Amino acid sequence: MAETIGSEMASDSSMSDKSAKIFVAGHRGLVGSAIVSKLQELGFTNLVLRTHAELDLTRQADVESFFAQEKPVYVILAAAKVGGIHANNTYPADFIGVNLQIQTNVVHSAYEHGVKKLLFLGSSCIYPKFAPQPIPESALLTGSLEPTNEWYAIAKIAGIKTCQAYRIQHGWDAISGMPTNLYGPNDNFHPENSHVLPALMRRFHEAKVNGAEEVVVWGTGSPLREFLHVDDLADACVFLLDRYSGLEHVNIGSGQEVTIKELAELVKEVVGFQGKLGWDCTKPDGTPRKLMDNSKLASLGWTPKVSLRDGLRQTYDWYLENVCKTNK
């Protein structure tokens, strides 16, 4: 039975039962841990969580057995194999294969075992390298992908299309959300393979601790980037699961841009580094601008709440408490 496309808003609040069983796949990661915290904060009492050691989502038989036994009502699919440019270039088979296995197994088993609704989470890298700015949902599949992460992007595009296919063929309520650049507690602060914001935070902190006179950042500082605190993403995920039922995926962004220079100055201030900030203009800037068009989500009634400054302060507090103490 094909979906009647037209009404994207759920007719009523679908998550009023706080005892409904919710499976959060990938609950230990940056996104999954924030979603678990948000659900607990909202009073949901029946969360089903499994570590990778307890449930390998790439193993179809194990996933089938899990869904047959647990029979969750809702599923949030935040589990994925992720990594930076180097990892994507070195292990392309892993990035496309593992993610396709996870998605296919979870989506199919969720449908087969009567899950009421599933939310699949992707990434802004699904869009063409030269997409219009801000990037609307309609830009999907209109051009070539960024080569450095195309294996991951293709898997995530397949996830969106899988959800759409089950909705069209079976009338099943599977939806997709595409977050922008995320940051917050449980982020990856690894010195070599972290993203720009946690990398800057770690560098400024170590410069402060070591009494360095200057921190030099690659490029000119002119590129524009968008950042969303992971707590806002978690809030948006619950909102979509509760209120949205549509064929098209939904961008999840802050709608706010900041230059890398402005970001670096803000991180420097939050960390309390008193030295100079320098720029190595011989190094590449990367894409000049990457902003998601979040007007669809805004029109549904959701807007972000955490300012970049407040979010950075909270993230730095978490970094001091969890990363620095652990490394001592």
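Below, the figures for the structure above:
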{"read-out": "Residue identified as within 23 Å of Trp172 (Cα to Cα), basic (Lys, Arg) and modelled with pLDDT of 95 or more among Lys21, Lys38", "value": "Lys21"}
{"read-out": "Single match in Ala236, Ala165 (criterion: open to solvent by 20 Å² or more (accessible area, probe 1.4 Å) and among the small types (Gly, Ala, Ser))", "value": "Ala165"}
{"read-out": "Complete set of residues in the stretch 241-262 that are over 19 Å from the mean Cα position of the chain (by Cα) and of a type outside the set (Val, Ile, Thr)", "value": "Arg243, Ser245, Gly246, Leu247, Lys261, Glu262"}
{"read-out": "Filtered residue count, the stretch 256-286, keeping only those that are open to solvent by 30 Å² or more (accessible area, probe 1.4 Å) and under 17 Å from Leu182 (Cβ atoms)", "value": "2"}
{"read-out": "Filtered residue count, the stretch 43-92, keeping only those that are farther than 29 Å from His190 by Cβ, open to solvent by 70 Å² or more (accessible area, probe 1.4 Å) and of a type in the set (A, V, I, L, M, F, W, C)", "value": "1"}
{"read-out": "Unique match (being crowded, with 17+ Cβ neighbours inside 10 Å and more than 22 Å from Gly286 (Cβ to Cβ)) among Glu150, Glu112, Glu137, Glu206", "value": "Glu137"}
{"read-out": "Of residues in the stretch 210-237 being more than 20 Å from Asp293 (Cα to Cα) and of a type in the set (A, V, I, L, M, F, W, C), the one modelled with the lowest pLDDT", "value": "Trp218"}
{"read-out": "Extreme residue, nearest to Gly32 (Cα to Cα), among residues of the stretch 239-255 that are open to solvent by 10 Å² or more (accessible area, probe 1.4 Å) and among the hydrophobic types (A, V, I, L, M, F, W, C)", "value": "Phe239"}
{"read-out": "Check on Ala153, in contact with a helix residue (DSSP H, G or I) (Cβ under 9 Å, 6 or more places away or on another chain), closer than 20 Å to Ile96 by Cα and hydrophobic (A, V, I, L, M, F, W, C)", "value": "yes"}
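The values are calculated or read from the model by the stated rules, or taken from the named source; none is laboratory data. Since the structure is predicted, the reported quantities are computational estimates derived from the model, not experimental observations. Here Cβ is always computed from backbone atoms with ideal geometry, including for glycine, and neighbour counts include all displayed protein chains. Surface areas here come from the heavy atoms of the whole protein model, side chains and all, with no ligands, DNA or RNA. Shrake-Rupley method; radii C 1.70, N 1.55, O 1.52, S 1.80 Å.
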